[in-house]
Amino acid sequence: MGWLGSAYPWVKAAHVIFVIFWMAGLFMLPRFLVYHQEDGLDGAMAARWIEREKKLRQIILTPSSIVVWALGLMLAAHLGLFSGSAGLGWLHAKFALVVLLTGYHHWATSYSKRLARGEVRLTGKQLRLANEVPGIAAILIVLLVVAQPF
């Protein structure tokens, strides 16, 4: 039994709950960016999108990502990721995907702030394609966690 002992299932449950919150935010923010950009970058509607995006970042995305990382690192340590335990290739792959997903999170929040300043760098089509990233990452992560293929 790892260092979390009988707390392991509770920490794991909390991790999954906050992953759901984080993923919900990662699914919502890119859609908000599409709508914000298409509605224009000034006026009352733009101000509403800026406020929505800010609340999503501050209330859901950032706090949940911090909790996901904290709990995830605890779980990884419990499983022996940092002590060289064998048979955790799947966890290394999951960790790499979560690092990439965190980079995506930072990109999306940064783009939201750019839109708030009136800076457009992507087309609506590019934003819609970017919206698929969290879904693909979620599929790969769930497959790794459930199947533990290596």
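The values are calculated or read from the model by the stated rules, or taken from the named source; none is laboratory data. Not measured: the values here are computed from a predicted model. All Cβ positions, glycine included, derive from the backbone under ideal geometry; neighbour counts span all protein chains shown. Side chains included, ligands, DNA and RNA excluded: accessible areas come from the protein's heavy atoms. Shrake-Rupley method; radii C 1.70, N 1.55, O 1.52, S 1.80 Å.
Tell me, what is the 1.4 Å probe accessible area of Thr62, in Å² to the nearest 10?
The accessible area comes out at roughly 60 Å².
In whole angstrom, how far apart do the alpha carbon centroids of segment 121-141 and segment 53-73 sit?
Result: 19 Å between the Cα centres.
At a 1.4 Å probe, what is the % contribution of carbon and sulfur to the accessible area of the chain?
C and S fraction of accessible area: 69 percent.
Report the extension gain between Ala70 and Ile17 in nm, rounded to one decimal, defined as 0.36 nm multiplied by the number of residues separating them, less their alpha carbon distance.
The Ala70-Ile17 span can extend by a further 17.8 nm.
Sort Lys94, Lys55, Lys125 by heavy-atom solvent-accessible area, probe 1.4 angstrom, most to least.
Largest accessible area first, the list is Lys125, Lys55, Lys94.
Return the tail of the calculated pair distribution for the chain, meaning the percent of Cα-Cα pairs more than 27 Å apart.
For the chain, the share of Cα pairs beyond 27 Å comes to 31 percent.
Under the rule of -39500 (n - 2.57) per DSSP H run of 4 or more residues, summed and divided by the residues of the chain, what mean residue ellipticity at 222 nm is obtained, to the nearest 500 deg cm²/dmol?
After summing the helix terms and dividing by residue count, I get -25500 deg cm²/dmol.
Assigning unit charges at the beta carbon (Lys, Arg +1; Asp, Glu -1) and nothing else, what dipole magnitude in debye, to the nearest 20, does the chain show about its Cα centre?
140 debye
Please provide three numbers in whole Å: the alpha-carbon extents of segment 47-116 along the principal axes, with the largest listed first.
52, 17, 12
Measuring with a 1.4 Å probe in the full set of protein chains, what accessible area per residue, in whole Å², belongs to segment 1-131?
Here the per-residue accessible area is 54 Å².
Restricting things to Cα coordinates, could you compute the convex hull volume per residue of segment 1-77 in Å³?
Expressed per residue, the convex hull around the Cα atoms of segment 1-77 is 69 Å³.
Could you pull out every one of the lysines with an alpha carbon less than 16 Å from that of Lys54, ignoring same-chain neighbours closer than 8 positions?
The reachable lysines, counting only those whose Cα sits under 16 Å from Lys54, are Lys113.
Please give the solvent-accessible surface of Arg31 in Å², to the nearest 10, using a probe radius of 1.4 Å with every protein chain present.
60 Å²
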